[in-house]
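As structure tokens, the structure follows; a few thoughts come after it.
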Amino acid sequence: MKIIKINATSSTNEFMRQFTLQTELNEVYCVKANTQTNGRGQMGTSWQSESGKNLIVSYLLPNLKICPDHNFIISMLSSLAIIKTLKHFNLPHLKIKWPNDILSGRKKICGILIENNFKQNHINSTIIGVGLNVNQIDFSELPKASSLQLILGQKISIDTVFRSLNLEIEKVYQSLLHQEFEGVKQDYYAKLLGFNKVQSFHFPDQSIAVGIIKSVSDHGFLKVEFENETSEFELKQIKQLY
């Protein structure tokens, strides 16, 4: 893995995307920033981070041949890589909130933004952006957010977390290269918040309904059962209440 460290950028995903236009990449590349001024989450939502207190990193995984119909495997593997990384630091009650937010208890500590590149009808590379709250303690405007320091009660070395995550991302890359996906969906479901449990969901029309998460499609659509009828939802079409 080749690592690029920079002080500040508008977005590590955007930095990596521009970098790929200038350089032919044949191995995993990573860019790590101390500050990100225009971080993005899923569907264009913003992500704010205090300078130097969190892990802000994007990985470029090249030379893939993933069928677009199975694109969600990248999200599942990435989410599980974060979970495995955080287990080294004894974070309690780790869960994945669909599609790929990472929670400790009921607090969000990490977000993932995946951007795929396509060539000849397959995904030939992917950028995995990770924003992990490590030592930030002020979340006054984000009541459902937290950090490793707040949860564990002590400062955590960002570089140590970074090194652990790099090892897990290398494993993700090997799985994608060799298309070794056996057991991935089962592992994802085992960590999926509310899987097969009765819970409430909020919809854009402000209505609320009770349902059960039954599965996630290969495209990443959430399948929820309401009164014995199962429906599929894309991100922003449904919000899980927790």
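The values are calculated or read from the model by the stated rules, or taken from the named source; none is laboratory data. Source: prediction; values computed, not measured. Cβ sites come from the backbone with ideal geometry, for glycine too, and all protein chains shown count toward neighbours.
The table below gives the values:
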read-out: Matching residues in segment 190-214 - criterion: being in contact (Cβ under 8 Å) with a residue 24 or more places away in the chain, in a strand (DSSP E or B) and surrounded by 12 or more Cβ atoms within 10 Å (Cβ to Cβ); value: Leu192, Gln199, Ser200, Phe201, His202, Ile213
read-out: Enumerated strands (runs of 3 or more DSSP E) restricted to segment 77-168, each holding at least 3 residues that are in contact with a Cys (Cβ under 6 Å, 6 or more places away or on another chain), more than 27 Å from Thr37 (Cβ to Cβ) and not assigned by TED's automatic domain parsing to the domain that holds Ser10; value: none
